[in-house]
Amino acid sequence: MILFSALVEELKSNIHNNRNALYAILKKHPNLVYQKVNEIAVFTGSHYNLNLQLHFPDSKKIYDINSYGTENIGIVVDKFRKTFPIPREDIKRKAIEIMGNNIQPQDAYMYEGKEGIKVILENGRIEILPGSIHLWCKIDEQKLKSYCDWLMQNVYF
């Protein structure tokens, strides 16, 4: 069984183990560090047979090596899957059950026979697609990790 929390911890560990090399690259070639950190993410994801990606919507965040692996993560399990293996309502209900009433789960990306859910958080959002999950937020709360663990167990694997 693949757990999101274990995946993120392994990613952070791999980034930490390569910290000195990333700092050296960052000083000389800031654009190259994006490629290198995503090589680490792909390597980590390969252990779980998935594609793990780090995103930098704010280009200044590339200089914050301490934030690598703690926010803006994409996990692609099956890019061709169009529908969820369980009802969307169950996924939305579980989000509220685990993370509380201060979130807003809603249907999203519903076109061409595809399903999707967007969960609006206080500090960002989660985009849940049948074959991938994209976290556009800090991954610092245990509730968020627990919900993503549930998704990995019940939606993706």
At 0.36 nm per residue, and after removing the present C-alpha to C-alpha distance, how many nm does the segment from ASP140 to GLU89 gain when stretched out fully? 15.8 nm
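Pairs LYS12/LYS79; LYS27/LYS118; LYS36/LYS138: which exceed 28 Å Cα-Cα?
Numbers: LYS12/LYS79 24 Å; LYS27/LYS118 37 Å; LYS36/LYS138 21 Å.
Listed pairs above 28 Å: LYS27/LYS118.
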With labels modelled as points extended 7 Å from the Cα through the Cβ direction, what inter-label distance (nm, one decimal) is found for ILE2 paired with GLN53? 1.5 nm
Using every pair of alpha-carbon atoms in the chain, split the distances into 10 Å bins beginning at 0 and state the percent of pairs per bin, rounded to integers. 10, 40, 33, 14, 2
Expressed as a whole number of Å, what is the distance separating the alpha-carbon centroids of region 86-140 and region 46-66? 20 Å
Using R₀ = 25 Å, calculate the FRET efficiency as 1/(1 + (r/R₀)^6) where r is the Cβ-Cβ separation of PHE157 and GLN104; round to 0.05. 0.45
Among TYR23, TYR109, TYR48, which comes first, second and so on when ranked by fewest other beta-carbon atoms within 10 Å? TYR23, TYR109, TYR48
Considering only ILE126, LEU32, ILE65, whose Cα is most displaced toward the positive end of the charge dipole of the chain, charges sitting on Cβ of Lys, Arg (+1) and Asp, Glu (-1)? LEU32
For n ≥ 4 DSSP H runs only, could you compute -39500 (n - 2.57) per run for the chain, divide by its residues and tell me the 222 nm figure to the nearest 500? -12500 deg cm²/dmol
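Taking the Cα centre of region 88-156 as origin, sum charge times position over the Cβ atoms of Lys and Arg (+1) and Asp and Glu (-1), and report the length of that vector in debye to the nearest 20.
Values: 10 positive and 11 negative charges, 12 e Å.
Dipole size: approximately 60 debye.
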Under a Cβ-only charge scheme (Lys and Arg +1, Asp and Glu -1), can you give me the dipole magnitude of the chain about the Cα centre, in debye to the nearest 20? 380 debye
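Please report the net charge: other residues with Cβ closer than 14 Å to the Cβ of SER5, K and R +1, D and E -1. Each step should come with its number before you reach the end.
On the way: positive: LYS12, LYS143, LYS145; negative: GLU9, GLU10, ASP140, GLU141, ASP149.
Every neighbour counted, the sum reads -2.
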Can you list the HN-Hα couplings for region 139-147, worked out from phi with the Karplus curve (6.51, -1.76, 1.60; θ = phi - 60°), rounded to whole Hz and with x for Gly and Pro? 9, 10, 9, 5, 4, 5, 5, 4, 5
Packing-ranked peptide list from 146-155, 67-76, highest mean Cβ count within 10 angstrom first, is 67-76, 146-155
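Just rank LYS36, LYS143, fewest to most, by other beta-carbon atoms within 10 angstrom. Numbers along the way, then the final one.
Numbers: LYS36 15, LYS143 12.
The most exposed by this proxy come first: LYS143, LYS36.
Laboratory data are not the source of any read-out in this text; all were calculated from the coordinates shown. Since we're looking at a predicted model, the values are computed, not measured. With ideal geometry, Cβ positions are generated from the backbone for all residues, glycine too; neighbour counts draw on all protein chains shown.
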